[in-house]
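The structure under discussion appears below in the form of structure tokens.
The values are calculated or read from the model by the stated rules, or taken from the named source; none is laboratory data. Note that the structure is a prediction, hence the values are computed from the model and not measured. FYI the Cβ positions are ideal-geometry reconstructions off the backbone, even for glycines, and counts take in every protein chain you see. The protein model used for the area step is the full one, side chains on, heavy atoms only, and it has no ligands, DNA or RNA in it. Shrake-Rupley method; radii C 1.70, N 1.55, O 1.52, S 1.80 Å.
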Amino acid sequence: MGWSTEQAGAGTQGGEAGAGAQPADAAAAGTQERDAEQPRPPVALSPSRASDFMQCPLLYRFRVIDRLPEKPSAAATRGTVVHAVLERLFDAPAAERTAVGARAMVPGEWEKLLAKRPELAELFADDAEGERLAQWLAEAEALVERWFSLEDPTRLEPADRELYVETVLDSGLRLRGFIDRVDVAPTGEVRIVDYKTGKAPRPQFAEGALFQMKFYALVVWRLRGVVPRRLQLVYLGSGDVVTYDPGEADLRAVERKLLALWEAIRLATETGDWRPRPTKLCGWCDHQAHCPEFGGTPPVYPLQVRPADGGVVPQGRMGEI
């Protein structure tokens, strides 16, 4: 990836959408590719899918193996638009990176996303007067504007934006994902930045977001041999900036956790035993009709499973990773 330097002073800043949003074109292309594929065992792990499995193994199955459709979310879609603005803002010269200009980009980025994903129009299908859409766009513009109170884009020259990273660990586990922004100081220190369009969680619930950032740090470390100096979460919903400075011990612990997680996924894939894990988040799940916790029945498992005698059929293995 193309490492460049950030301008002097840019690193002094301390430091929904969930995991970093993919670029609209990458997200759309990925959706089309998944739709064209036959069900197959998982071959890699991303922060989002790792979080899915930790939240609920059955949710992971529905998303990764069954690929069940989910309704578009206004909040997630707004996050995609905001991410696109903050990515493309840096295409302009530093002096032209203003809050007014960034706000003006929001409607255009929404139109670009809608052209690539026409199904998103259903978010406002019952909004004949356009009032809800106008409010939704205004909320996105407010999130973009708040970012300018947290960071100064005229002093930043990111090394990478919406960077796709992928590496294979010594164990064979493939890790991949998208990093919102990578900054590199003149001294060579690396900062990984992630934008969140929601509010900062309370400290006791912050580990989930930090896990995602440590995941990215591990991938960068394995790719470049450099432990990122700083992980920075920018919460646009609440105006908070949360930072964490990882060490090698942190990242080795994350690697061990991911290996254990992947082994659990491998076992569930082979046996077809994907158990629901009820939490308060179930109320927002699109798959209640297929979940036993709500009286539903999961689809017929599309992969072959390991026989009771302990043998393994090829289709049930994890495949090439």
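Laid out as a table, the results:
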read-out: Within segment 23-115, helices (runs of 4 or more DSSP H) holding 2 or more residues that are at pLDDT below 95 and under 23 Å from residue 219 (Cα atoms); value: 24-36
read-out: Residues satisfying the stated conditions in segment 242-282, i.e. farther than 25 Å from residue 172 by Cβ, touching a Leu at 6+ places or on another chain (Cβ under 8 Å) and crowded, with 17+ Cβ neighbours inside 10 Å; value: 242, 244, 276
read-out: Residue check for residue 194: crowded, with 18+ Cβ neighbours inside 10 Å, within 20 Å of residue 50 (Cβ to Cβ) and acidic (Asp, Glu); value: yes
read-out: Yes/no for residue 227 being within 20 Å of residue 87 (Cα to Cα), modelled with pLDDT of 95 or more and β-branched (Val, Ile, Thr); value: no
read-out: Members of segment 92-110 that are surrounded by 11 or more Cβ atoms within 10 Å (Cβ to Cβ) and of a type outside the set (A, V, I, L, M); value: 96, 97, 98, 101, 103, 107, 108, 109, 110
read-out: Number of positions in segment 202-224 that are open to solvent by 50 Å² or more (accessible area, probe 1.4 Å) and either modelled with pLDDT of 95 or more or in contact with a strand residue (DSSP E or B) (Cβ under 9 Å, 6 or more places away or on another chain) (or both); value: 3
read-out: Segment 186-199 - residue that is at pLDDT 95 or above and not in a strand (DSSP E or B) and, of those, nearest to residue 82 (Cα to Cα); value: 197
read-out: Residues that are assigned to a loop (DSSP other than H, G, I, E, B), more than 25 Å from residue 91 (Cα to Cα) and not aliphatic (A, V, I, L, M), drawn from segment 154-176; value: 170, 171, 172
